[in-house]
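Read through the structure below, which is laid out as structure tokens, and then see the notes.
The values are calculated or read from the model by the stated rules, or taken from the named source; none is laboratory data. As the structure is a prediction and not an experimental result, all values here were calculated from the model. In this analysis, Cβ positions are derived from the backbone assuming ideal geometry, glycine residues included, and neighbour counts consider all displayed protein chains. With ligands, DNA and RNA removed, areas are computed over all heavy atoms of the protein, side chains included. Shrake-Rupley method; radii C 1.70, N 1.55, O 1.52, S 1.80 Å.
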Amino acid sequence: DARYDFREIEARWLPVWTEKQPFRAGNAGDTRPTKYVLDMFPYPSGDLHMGHAEAYALGDVISRYWTMRGFNVLHPIGWDSFGLPAENAAIKRGVDPAGWTEANIAQQRTSMERYACSFDWDRVLMTHRPEYYRWNQWIFTRLYDRGLAYRKPSLVNWCPFDQTVLANEQVVAGLCERCDTPVTKKKLTQWYFKVTDYADELLDDLETLRDTWPSKVIAMQRNWIGRSRGADVEFVIEGHDQPIPIYTTRPDTLFGATFMVVAVDSDLAAELVAGADEATQAEFAAYAEKVKGDTEIERLSTERPKTGVFLNRYAVNPVNGERLQIWASDYVLADYGHGAIMAVPAHDQRDLDFARAMNLPIRTVLDCRDEDRNALPDPAESGIATTGDGFLINSGSLDGLGKADAIDAITARLAAEGRGKPATNYRLRDWLISRQRYWGTPIPIVHCEACGEVPVPDDQLPVTLPPTEGLDLKPKGQSPLAAATDWVNTTCPKCGGAALRDTDTMDTFVDSSWYFLRFLSPGKTDGPFDLDEAKKWAPIDQYVGGVTHAILHLLYARFFTKALRDMGMIEFGEPFTALLNQGMVTMDGSAMSKSRGNLVSLAAQLDEFGVDAIRLTMSFAGPPEDNIDWADVSPSGSAKFLARAWRVARDVTSDVGIDPAAGDRELRVVTHRILADVGGLIESFRFNVAVARMMELVNATRKAIDSGAGPADPAVREAAEVVTRLLSLYAPYCAEDMWSMLGHTDLVALSPMPEIDPALLVQDTVTCVVQVMGKVRDRLEVSPDATEDELRELALASENVQRAMDGAAVRTVIVRPPGLVNIVVAK
Ligand code: ANZ
Ligand code: ZN
């Protein structure tokens, strides 16, 4: 007998797929409904790893499923091939980033083909190629024209020893991650995209994704945008002509404001301290220096002991005329709201910590209660601010109002007096896209002394990267492109005079913000994407990828989509209709990494167990969003199951195309029920449960062959074919081989899912459990549609029930059709 040999099977089918390219999306004449299934494209930083293997296994189940369900599926792949890994490899090993990148891409592509990814290989794109990044530049100029791309000076983290700009993640406790030098700030003029123009829409549209995106991701997006509604209130400052505004979400607590705090690094603090005595100025300067390198997270932490300096200046509380000390501290941020707050220690924990540390007054202005309506302890004594709802006290004419009413009342009063107004703030900041690095898209702007910033005209795009020869790629606060003098020196597109190219490159998140549109017409030379193709395919029906991209990538892609819509290029405002985030593949509970030494090589796993067993293991390990601990799974168990399924196909002896209706009805019922269930399971991403159902079907078919209807029964063939088709979603090599053993000459991957026979799904009877006083006394086979009355009668007529009741009178009968009757008797 033939034996299951995955190596032989892989060697047989891979060339067939390579030749036939079965997953090309249908072209213009195709009348099938469309589905766009997209896996997040990889960085070509090495060969594929276990994480890719998981993501692509899951994306493939979805994509192959819709193909078999009769959809015209678009399932493309490309490479996010600009960015640091290539540049770092270039610096470390002196190789050319382009060559390094292309070699990795070639290797990853070979691995993807081996892994049987159902990609449309005619649509491959790579973001480092000028034919792609040309359109980044084109879109940049459109954003620029609309005021959505602009330049402004900003502070960046700077390591004075390495002479390099550091990302926030590279600053650890204020020190450079590499050399432990204290990090300072440096002012650089940089390019931004104005994401904040879309803040409300980015937030409000999340509502439309509520049923199709993980709620965790929606919450993360919501927090990142961080819309906050409250009021601006103006405080008069003694010895300062202009009143200063503060932002508060709690204008109801104004009577409890007992001091003010300004951000230590704000212009306002500098201005106020300039009018103070010398000792204060010195103390302030020392304090400002001390907290300079700290991150926003550290500054806002409630755990951190409060520090600050009294500025020897005073403000006036607008509602009661009280004199308030003004302090400078790091727990107030310079770039949120107005960089200044009114401090209400009784009802804000950080203000309370600060007041207790500095011995400042604390006044409770809300009477807050627990669930039992007991008054909460006084914050001044307990050290715990009362932040909940309550009734106003110590607040003059507002006393007795609830929190919400008080917020409205006081905001209206301040507005009427011209001393305040409703205000909204966002945590979201504009997107800093400038990178002082080589391996990215050059910013298509020319700086001309006469004309200023001039966008490069379309017919001069792409602005290609200069060759690396002679350039020092090491990060140094100025782009390596600045040293490419022949490249930098150019003529102004407007006046024809001498001008300089912008030397920054774009953040690689720009590349991934619209690549899903480029897949629609990857070869297009007169525009970024074809508008009709976009109408046909987009938005993406199903996006699959890691939760690591749950904030920035998705937010930026959503921003691009809205901006492109406002340019009239597409008609939708959300790029990803549905999102699936797969978990991570870990080892002994921790993330795999080279430095931990717990890296499992995908290639080695594929060699040992075969592609199908690894793919199946990835899907069967658990719900897709959970992490897979590779120490806990069993690829050899998967391989055994595949061998068992394969032998079922091998053993079928009936011919193709015979009528299964003539066969074993019991097996047919099992087959059609499982077929019906698996569809729903896959559409709800319960891939592992679907595998379990397939295992059941393999077992039932095996049993029918060995000790039931026999290998020639038409129902056995039907069952084996259903197994093969379902299995092809997970284990395409094995399934293709089974399909051919079953006598078919087409590819199972392209064969339609069989029709479900509804007659076989009808359940003839269900079991109704009958209890007397909660004890099971009988089980009745009843119609699934039996009514309450019918069930009551049947139950009371049962002999077993009568015996158990032993002549007692019936008190009540509780009926839950069709499964349960409980009889309560009088005792
Ligand atoms: C008085 C008050 C009383 C506040 C109270 C809260 C509770 P979100 O929700 O994040 O918008 N705040 C304002 N500007 C700030 C800044 N630049 N840095 C740090 N904190 C700042 O928070 C708004 C609240 O955070 C504001 O409302 C203000 O404190 C503080 F019982 O004002 B509140
Ligand atoms: Zn000019």
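Values for this structure:
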quantity: Condition check for Arg299: within 16 Å of ligand 1 (Cβ to nearest atom) and open to solvent by 30 Å² or more (accessible area, probe 1.4 Å); calculated: no
quantity: Residue check for Ala692: modelled with pLDDT of 95 or more, crowded, with 17+ Cβ neighbours inside 10 Å and among the small types (Gly, Ala, Ser); calculated: no
quantity: Residue within segment 590-607 that is among the acidic types (Asp, Glu) and under 20 Å from Leu681 (Cα atoms) present; calculated: no
quantity: Looking only at segment 302-321, and only at residues there that are charged (D, E, K, R) and surrounded by fewer than 16 Cβ atoms within 10 Å (Cβ to Cβ), the one that is nearest to ligand 1 (Cβ to nearest atom); calculated: Arg304
quantity: Top-ranked residue in segment 1-29 [being of a type in the set (D, E, K, R) and modelled with pLDDT under 95; ranked as farthest from Asp541 (Cα to Cα)]; calculated: Asp1
quantity: Tabulated pairs, segment 413-437, first open to solvent by 40 Å² or more (accessible area, probe 1.4 Å), second assigned to a loop (DSSP other than H, G, I, E, B) and within 16 Å of ligand 1 (Cβ to nearest atom), C-beta under 6 angstrom, 6+ apart or interchain; calculated: Arg419/Pro318; Tyr426/Gly226; Tyr426/Arg227; Arg427/Gly226
quantity: Residues of segment 279-293 that turn out to be at pLDDT below 95 and not aliphatic (A, V, I, L, M), as a count; calculated: 4
quantity: Count - residues of segment 139-164 that are open to solvent by less than 40 Å² (accessible area, probe 1.4 Å) and over 20 Å from Arg299 (Cα atoms); calculated: 9
quantity: Among residues of segment 75-97, those that are open to solvent by less than 30 Å² (accessible area, probe 1.4 Å) and assigned to a helix (DSSP H, G or I), counted; calculated: 5
quantity: Some residue of segment 213-223 being closer than 30 Å to Val365 by Cα and more than 16 Å from ligand 2 (Cβ to nearest atom); calculated: yes
quantity: Residue among Ser634, Ser619 that alone is polar (S, T, N, Q) and modelled with pLDDT under 95; calculated: Ser634
quantity: Selection within segment 435-476 - aliphatic (A, V, I, L, M) and modelled with pLDDT under 95; calculated: Leu471, Leu473
quantity: Every residue from segment 728-786 that is in a loop (DSSP other than H, G, I, E, B), open to solvent by less than 30 Å² (accessible area, probe 1.4 Å) and either free of Cβ contacts under 8 Å to residues at least 24 places away in the same chain or hydrophobic (A, V, I, L, M, F, W, C) (or both); calculated: Leu729, Ala731, Leu742, Leu747, Ala786
quantity: Residue that is farthest from ligand 1 (Cβ to nearest atom), among those in segment 348-386 that are over 18 Å from Ala263 (Cβ atoms) and acidic (Asp, Glu); calculated: Asp372
quantity: Members of segment 803-817 found to be in contact with a Leu (Cβ under 8 Å, 6 or more places away or on another chain) and of a type outside the set (Val, Ile, Thr), listed by number; calculated: Pro817
quantity: Segment 669-680, residues that are open to solvent by 20 Å² or more (accessible area, probe 1.4 Å) and either touching a strand residue (DSSP E or B) at 6+ places or on another chain (Cβ under 8 Å) or of a type outside the set (Gly, Ala, Ser) (or both); calculated: Val669, Val670, Arg673, Asp677
quantity: Subset of segment 9-29 [free of Cβ contacts under 8 Å to residues at least 60 places away in the same chain, of a type outside the set (A, V, I, L, M) and within 21 Å of Ile77 (Cα to Cα)]; calculated: Pro15, Glu19, Gly26, Asn27
quantity: Unmet requirement for Ser595, which otherwise passes all of (1) among the polar types (S, T, N, Q); (2) at pLDDT below 95; (3) touching a strand residue (DSSP E or B) at 6+ places or on another chain (Cβ under 7 Å); calculated: (3)
quantity: Residues that are aliphatic (A, V, I, L, M) and open to solvent by less than 60 Å² (accessible area, probe 1.4 Å), drawn from segment 394-411; calculated: Leu398, Leu401, Ala406, Ile407, Ala409, Ile410
quantity: Of the criteria (1) of a type in the set (A, V, I, L, M, F, W, C); (2) part of a strand (DSSP E or B); (3) open to solvent by 50 Å² or more (accessible area, probe 1.4 Å); (4) modelled with pLDDT under 85, which one Val236 fails; calculated: (4)
quantity: Filtered residue count, segment 698-727, keeping only those that are of a type in the set (A, V, I, L, M) and free of Cβ contacts under 8 Å to residues at least 40 places away in the same chain; calculated: 1
quantity: Extreme residue, farthest from ligand 1 (Cβ to nearest atom), among residues of segment 490-502 that are open to solvent by 30 Å² or more (accessible area, probe 1.4 Å) and not in a strand (DSSP E or B); calculated: Gly496
quantity: Tally, over segment 286-296, of residues that are loosely packed, with under 13 Cβ neighbours inside 10 Å and among the polar types (S, T, N, Q); calculated: 0
quantity: Single unsatisfied condition, Ala484 versus (1) more than 17 Å from Trp191 (Cα to Cα); (2) surrounded by 23 or more Cβ atoms within 10 Å (Cβ to Cβ); (3) among the small types (Gly, Ala, Ser); calculated: (2)
quantity: Count - residues of segment 326-347 that are more than 16 Å from Ala263 (Cβ to Cβ) and either near ligand 1 (Cβ under 8 Å from one of its atoms) or open to solvent by 10 Å² or more (accessible area, probe 1.4 Å) (or both); calculated: 3
quantity: Near pairs, Cβ below 9 angstrom, 6+ apart or cross-chain, from segment 787-804 (β-branched (Val, Ile, Thr)) to any residue that is assigned to a helix (DSSP H, G or I) and surrounded by 12 or more Cβ atoms within 10 Å (Cβ to Cβ); calculated: Val801/Ala795
quantity: Every residue from segment 493-506 that is over 27 Å from Thr127 (Cα atoms) and not small (Gly, Ala, Ser); calculated: Lys494, Cys495
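Residue-wise test of (1) buried (at least 20 other Cβ atoms within 10 Å of the Cβ); (2) among the small types (Gly, Ala, Ser); (3) within 16 Å of ligand 2 (Cβ to nearest atom).
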{"position": "Asp372", "(1), (2), (3)": "no, no, no"}
{"position": "Thr386", "(1), (2), (3)": "yes, no, no"}
{"position": "Thr441", "(1), (2), (3)": "yes, no, no"}
{"position": "Val456", "(1), (2), (3)": "yes, no, yes"}
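To keep it simple, each residue is scored yes or no on (1) over 22 Å from Trp79 (Cα atoms); (2) within 16 Å of ligand 2 (Cβ to nearest atom); (3) in contact with a helix residue (DSSP H, G or I) (Cβ under 8 Å, 6 or more places away or on another chain).
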residue: Ala483; (1), (2), (3): yes, no, no
residue: Asp486; (1), (2), (3): yes, no, no
residue: Cys492; (1), (2), (3): yes, yes, no
residue: Asp502; (1), (2), (3): yes, yes, no
residue: Phe509; (1), (2), (3): no, no, yes
residue: Ser513; (1), (2), (3): no, no, yes
residue: Arg518; (1), (2), (3): no, no, yes
residue: Ser521; (1), (2), (3): no, no, yes
residue: Thr525; (1), (2), (3): no, no, yes
